[in-house]
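Have a look at the structure below before the remarks.
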Amino acid sequence: MLVFLLILVSLQAMEHADKIRAIGLRLRRLRDEQNLSQEELSYISNVSKPTIQRIEKAETAARLDVLISIAEALKMPLHDFVRVENGPN
């Protein structure tokens with residue numbers, strides 16, 4: 001039973017990791033589309049440049065307040081910013 005629970009937790013963590021990676025890739029794409037450097041996005045969103053770098057590299061899961069600030073800086077609704085498509089990329 002313990003092994004089953006550990007496998008289940010690992011699968012859920014992998015699923016979340018895929019979503020975190022997808023959000024990071026989406027941030028990079030949106031930032032590039034708006035011709036913003038990480039430093040410029042940092043300034044207009046009031047989110048540190050290292051935090052933006054870590055989100056884009058999927059090294060961290062961003063807090064909700066950070067996602068809101070970035071979405072506002074990119075002039076898009078939060079739900080559009082964090083939308084993750086299902087299925088293969």
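Throughout, read-outs are computed from the coordinates displayed, never taken from laboratory work. Please read all numbers here as calculations on a predicted model, not as lab measurements. Cβ sites come from the backbone with ideal geometry, for glycine too, and all protein chains shown count toward neighbours.
List of remarks:
- Charge dipole (debye, nearest 20) of the range 8-81; +1 at Cβ of Lys and Arg, -1 at Cβ of Asp and Glu: 120 debye
- The trypsin sites (Lys or Arg not before Pro) of the range 32-89 that meet both conditions, a loop assignment by DSSP and at most 15 other Cβ atoms within 10 Å of the site Cβ, are LYS57, ARG63, LYS75, ARG83.
- Model label sites at ASN46 and ASP18, defined 7 Å from Cα along the beta-carbon direction, differ in position by 3.6 nm.
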